[in-house]
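The structure under discussion appears below in the form of structure tokens.
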Amino acid sequence: MVERLWEDHKAEFRWPMPKRFLTLEVAGVDLLSTEVRLAGCVFTWVKNGGSLHERGMGTVRFILGQLDEVLPALTEDDSPQVWHRMHRVSQLIVAHNTPPAETTAS
């Protein structure tokens, strides 16, 4: 589900970035920065088969909190479907993350 939603996201939110997204700030949150950070986490999570380390999960939880604040403040001009999809992706990663197995030093 995360992969499918993220593919939809990439199809809609791609480079060159629509100029309105380059400076979009809602509720004090720089949404382009939020998108870039989540993209890195999604890439890693998918590459690792649904596993993200605690630092990455902290980032996803932080982004989820930011999006919780942002969503009610969005207007139609802010392309709310983009940010709602990112919110859903974040929720899914938080709910379905499999922590990586601990490695032990020899």
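The values are calculated or read from the model by the stated rules, or taken from the named source; none is laboratory data. Worth saying up front: this structure is predicted, and the values here are computed from it rather than measured. Virtual Cβ from ideal backbone geometry, glycine too; neighbours counted across all protein chains shown.
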Test: residue in the range 91-98 that is in contact (Cβ under 8 Å) with a residue 40 or more places away in the chain and either polar (S, T, N, Q) or not in a helix (DSSP H, G or I) (or both): yes
Residues satisfying the stated conditions in the range 22-39, i.e. under 15 Å from the mean Cα position of the chain (by Cα) and either within 27 Å of residue 98 (Cα to Cα) or of a type in the set (A, V, I, L, M, F, W, C) (or both): 29, 31, 32, 33, 34, 35, 36, 37, 38, 39
Qualifying positions in the range 1-35 - under 14 Å from residue 67 (Cβ atoms) and either at pLDDT 95 or above or part of a helix (DSSP H, G or I) (or both): 5, 9, 31, 32, 33, 34, 35
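Yes or no, residue by residue, for (1) over 30 Å from residue 101 (Cβ atoms); (2) touching a residue at least 12 places away in the same chain (Cβ under 8 Å); (3) surrounded by fewer than 17 Cβ atoms within 10 Å (Cβ to Cβ); (4) over 12 Å from the mean Cα position of the chain (by Cα):
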position: 41; (1), (2), (3), (4): no, yes, no, no
position: 49; (1), (2), (3), (4): no, yes, yes, yes
position: 54; (1), (2), (3), (4): no, yes, yes, yes
position: 63; (1), (2), (3), (4): no, yes, no, no
position: 67; (1), (2), (3), (4): no, yes, no, no
position: 71; (1), (2), (3), (4): yes, yes, yes, yes
position: 76; (1), (2), (3), (4): yes, no, yes, yes
position: 83; (1), (2), (3), (4): yes, yes, no, no
position: 87; (1), (2), (3), (4): no, yes, no, no
Subset of the range 38-88 [part of a loop (DSSP other than H, G, I, E, B) and under 17 Å from residue 21 (Cβ atoms)]: 74, 75, 79
